[in-house]
Structures are given as C-alpha cells and as structure tokens.
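Enquirer: If you scroll down you'll find the structure; I have some questions about it.
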Amino acid sequence: MRRRQILQAAVSGLALSPLLSVFEIAVAEEPKSGALIQMLPKDGTWTEFNVNVKLNGQEIVPSWKLRSVGQAFHGGKQCRFIEMEQTCDHPQLQNATWRMLVPEEEFGDGKDPISKMVKCWVKFDSGEPEVVESIPLKDPAFGMLLAGPKQNLKTEEAKEKVSWQQGDLECSVVSGHNAIEFGNTKFGMTHRILRHKDVPFGLAGMQQELNINFGGQKQTATIKMTLKDHGNEAKAKLPDLVP
C-alpha cells in the first residue's frame, strides 16, 4: 500500500510539472516596469511621433520627438543625454524641451531609466532653461506619462498593429494604471504602451486617459501617439546644457 501511494504521488507530480512550467513562464513574461522609455538605442538616433490630444472638448495636434544626443562620463558612470521635445501652436499646450542625463546602465527591458537620471533641464516656450530636480514635481501629468502604469500592470495577450510610412508593426501592449496626489489635486492615468524591438527606445506608440480632480473640479484628457518616423544623426536642441 505504501509503495502504491508513493507511485501515485510520483505520477501526479509528473502530470503537474508541465502546468507548473507554463505557470512559471507566464509569470516571468509579465512586465517588471511600465516606464515609457526603457531601451537605449545607438547614440544619434531620433524618433518622431504623431500625437493627438483631446482636452476640455478641444482637439490638439502637437508633435513629439525623442532623441539620443551625446554621451558624458558623470559621477563615475557612462551616461547618455536624452532630449524630449514637444512643439505645439495651440495655447493650451506649451512648447517644451526636456534634456536629461541618464546612466547607460539604467536602460534595459523592465527598467525605468528616466527615474534614475542624474541631471535634468527643461525649457518652456521662449523662456530660459532651468534645472529640474524632479519631473513629477515640475509637471505631474508628464511625470505620470513617463512612469507608465504601476497598478494592474500586465502584458496583454493580443498584439496591436501600428501603421507608419514604412509599413506595419505588430506591437506588444503593456497596460495598467497610475495615480498620484498633490495637495488637493488627484491625478489618475490609464495607460496602453505599444512596444516593438525594431523601433528606437522600443516605443512605437501609446494611449492614455488622464483624469484630474482639482478640489472637486474634474477634467479629462486623452492622449494618442503613434510612430511617424525615425532615423540617425539627431541634433541636440539644448547642446550647451552639461553638468
């Protein structure tokens, strides 16, 4: 009897082992981070996106560019200068250029390199560039967008197609939610991040819904961004800003 019980336990274990393997693989494939920017491309790479923003009943069409514009050795680490530029002719959105110095070792799949930046500047419209200690404190909505989803973070089963001028990309989709609170203002953002390994920075597009509750007054904005073009020989907008 004892021998039979041992045999049954062994058979049950063999039957369960494939299921356990599948479970472990599924867990391993879940994203470690939903950060918008993760992968580091070759220096000099640039990416441009088509953007559509719906805010307060108005449709706004800014342009958004992301580029790698140089290297520097800072704090004992090899770093990369990353610039993000938004241009818009609508008064509801500012023209802005963010310039960040980020250790190269902080980039990679499942990481959040922008949160590890060692230096950051921003220039709004025609104003002078200023040093920024924290992106979320300077611009909470932009900080949430860069951080990506943090709650209910998952990779969706179905891929999503992104069409651009050189064809179609079948992209993986990372989704989830993020929420922060400053004083009497609450921000909530629902994310869908579209990733593809052949696109610089691994980013092919995104969709967000932003909800703001300011002292009981609510506003909603939606953001949709898809790949327009990418290439080499990126030129820095703020090349003189160095540590």
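Enquirer: Being polar (S, T, N, Q) and either over 24 Å from Val173 (Cβ atoms) or not assigned by TED's automatic domain parsing to the domain that holds Leu40 (or both) narrows it down to one residue among Thr155, Thr97; which is it?
Expert: Just a single option satisfies the conditions, and that option is Thr97.
Enquirer: For the range 44-121, give me every one of the strands (runs of 3 or more DSSP E) that falls completely inside it and has 2 or more residues that are touching a residue at least 40 places away in the same chain (Cβ under 8 Å) and of a type in the set (Asp, Glu).
Expert: Of the strands (runs of 3 or more DSSP E) lying wholly inside the range 44-121, those with at least 2 residues that are touching a residue at least 40 places away in the same chain (Cβ under 8 Å) and of a type in the set (Asp, Glu) span 77-87.
Enquirer: Just to be sure, is Asp168 outside the structural domain of Pro62 (by TED's automatic domain parsing) and without any contact (Cβ under 8 Å) to a residue 24 or more places away in the chain?
Expert: Answer is no for this residue.
Enquirer: Tell me, please, whether a residue that is within 18 Å of Glu181 (Cα to Cα), free of Cβ contacts under 8 Å to residues at least 40 places away in the same chain and loosely packed, with under 15 Cβ neighbours inside 10 Å can be found in the range 125-135.
Expert: Yes - at least one qualifying residue is present in the range 125-135.
Enquirer: Would it be correct to say that Ile180 is touching a strand residue (DSSP E or B) at 6+ places or on another chain (Cβ under 7 Å), aliphatic (A, V, I, L, M) and at pLDDT 95 or above?
Expert: Considered against the rule, which asks whether it is touching a strand residue (DSSP E or B) at 6+ places or on another chain (Cβ under 7 Å), aliphatic (A, V, I, L, M) and at pLDDT 95 or above, Ile180 comes out as no.
Enquirer: Output the residues belonging to the range 77-105 that are aliphatic (A, V, I, L, M) and in contact with a helix residue (DSSP H, G or I) (Cβ under 9 Å, 6 or more places away or on another chain).
Expert: Of everything in the range 77-105, those that are aliphatic (A, V, I, L, M) and in contact with a helix residue (DSSP H, G or I) (Cβ under 9 Å, 6 or more places away or on another chain) turn out to be Ile82, Met84, Ala96, Met100, Val102.
Enquirer: Within the bounds of the range 198-208, is there any residue that is of a type in the set (Phe, Trp, Tyr) and in a strand (DSSP E or B)?
Expert: Taking every residue of the range 198-208 in turn, none turns out to be of a type in the set (Phe, Trp, Tyr) and in a strand (DSSP E or B).
Enquirer: Separate question: Does the range 221-241 contain at least one residue that is touching a His at 6+ places or on another chain (Cβ under 7 Å) and either of a type in the set (Phe, Trp, Tyr) or assigned to a loop (DSSP other than H, G, I, E, B) (or both)?
Expert: No: zero hits.
Enquirer: Take the range 70-96 and flag every residue that is crowded, with 16+ Cβ neighbours inside 10 Å and hydrophobic (A, V, I, L, M, F, W, C).
Expert: Selection gives Cys79, Phe81, Ile82, Met84, Cys88, Leu93, Ala96.
Enquirer: Another one. Scanning for something hydrophobic (A, V, I, L, M, F, W, C) and touching a helix residue (DSSP H, G or I) at 6+ places or on another chain (Cβ under 8 Å), does the range 118-130 turn up at least one residue?
Expert: yes
Enquirer: Residues Val242, Val174: which one is assigned by TED's automatic domain parsing to the domain that holds Thr47, in contact with a strand residue (DSSP E or B) (Cβ under 9 Å, 6 or more places away or on another chain) and under 30 Å from Val118 (Cβ atoms)?
Expert: Checking each option against the conditions leaves just Val174.
Enquirer: OK, next. Filter the range 63-79 down to residues that are among the basic types (Lys, Arg) and within 17 Å of the chain's Cα centre (by Cα) and give me whichever is farthest from Pro200 (Cα to Cα).
Expert: So, considering only residues that are among the basic types (Lys, Arg) and within 17 Å of the chain's Cα centre (by Cα), the one farthest from Pro200 (Cα to Cα) is Lys65.
The values are calculated or read from the model by the stated rules, or taken from the named source; none is laboratory data. Just so it is clear, the model here is predicted, and its values are computed rather than measured. Cβ atoms come from the backbone with ideal geometry, glycine included; neighbour counts cover every protein chain shown.
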